[in-house]
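Visitor: Pasting a structure below so you can have a look.
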Amino acid sequence: MSDQMFPNEAVKKIAPWLQPIWDGINLSVFPSAVLLHGQSGIGKFEFSIELAKALLCEALASATKPCNQCEACRWFDSGNHPDFIALVPETHRKFLPHGDFDAEADSPKKSKASQSDNDGDPPEKKEKKSISIEDARSAIEGLSIGSHRGGNRVILVYPLEMLRADSANTLLKSLEEPPKNTIFILLADRLDRVLPTIRSRCRLLSAPRPDRATGLQWLRNQLNHVSGLKIADADVETIYDEQGGAPYAVLDSLIARHNKDEKDELTIAIQASRYLLQAMSQGARINWLDTADKTQKARYSVLLATMQRWVSDLQSCAQMGNPRYYPKHEAAIKTLAQQARLPKLLHFWKSLIQARRHENHPLATRIQLEALLSQYQQVFED
């Protein structure tokens, strides 16, 4: 989330459900590489930014870090700290610390590819969701040079699983023989997609999802800082459940909707997910061709996650349980659970898992959606 949108310092603090991880960190004996993993949208990225700032803070060893007052902290907040390198897709650059955007092009650590993302591009250009190979090579190959300020140098990589094979191998070499005073903060939404050789060279930190009450309370507190945003508690809870209990993802979704940004990826995702849920609630009567057509513009991974949560609730209700993700649709889910053929439902669940392993494949989203939704319809047929 953008600091411009949230001037209040409270939004920068560690989320309460991640505080135990923060409390367990000793900055004076920090490992050369950590891998923070957990569900997307629960605050890993914001946590890592605060951690990077603390590692670069130049306050006295006894002081609380980050101090937010030293020169290093001020440089970090302005987005100009020379020893902080962030390898993130274009879609995430807006969430990095930044001050004067005009100064970004002059930053020594920006590649030519990064600089070309600015005013010269047409507004309709889609931002890349993967890490640029040029950025990855430039950052990793430049690690042989000492840090600019003589202290730590921090390399943030997110999402780690989106690194291409050649960039991942270059990163692996740096992890095997880490340069002096260089710290890697690696983030992954899907730990199973990270190379085992990279995992084995990092200290693993598992980021938990908050319980529902804690997540909703935090979310309401953050919404109080958004000028002009008014939303009913019932709507907040519905979207919270639809987003799988990921508070930061919900916050971003609500802000995008508040700003009436119809082209924003989060706005598209939430609209597509809702349409998809309405369609899946029809069971055997689903119009899978129309559903695929109406939702194909959203990220395939988002649609797959929505389907997985829906089917998870179906399986739970089929075994006399209650829906976890979509309690608002409890009546429909329980009715469908009685109609579903359990072997077919389990087979469809396996198909979704398989699809998630290849969700970044360049095949057309619509074709893949049509195949899955057609199979979903058959779950309710003899």
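Visitor: Would you check which residues across segment 33-58 are of a type outside the set (A, V, I, L, M) and more than 23 Å from the chain's Cα centre (by Cα) and list them?
Guide: Within segment 33-58, Cys57, Glu58 qualify.
Visitor: Something else about it: Find the residue count for segment 71-89, including only residues that are within 24 Å of the chain's Cα centre (by Cα), buried (at least 19 other Cβ atoms within 10 Å of the Cβ) and assigned to a helix (DSSP H, G or I).
Guide: Number satisfying all stated conditions: 1.
Visitor: Provide a single number: the residues in segment 329-339 that are of a type in the set (A, V, I, L, M, F, W, C) and either surrounded by fewer than 17 Cβ atoms within 10 Å (Cβ to Cβ) or not assigned by TED's automatic domain parsing to the domain that holds Leu372 (or both).
Guide: Of the residues in that region, 1 qualify.
Visitor: Can you work out which of the residues in segment 132-164 that are assigned to a helix (DSSP H, G or I) and hydroxyl-bearing (Ser, Thr, Tyr) is modelled with the lowest pLDDT?
Guide: Top of the filtered list is Ser144.
The values are calculated or read from the model by the stated rules, or taken from the named source; none is laboratory data. Since the model is a prediction, treat every value here as computed from it, not as a measurement. Neighbour counts run over all protein chains shown; Cβ positions are idealised from the backbone, glycine included.
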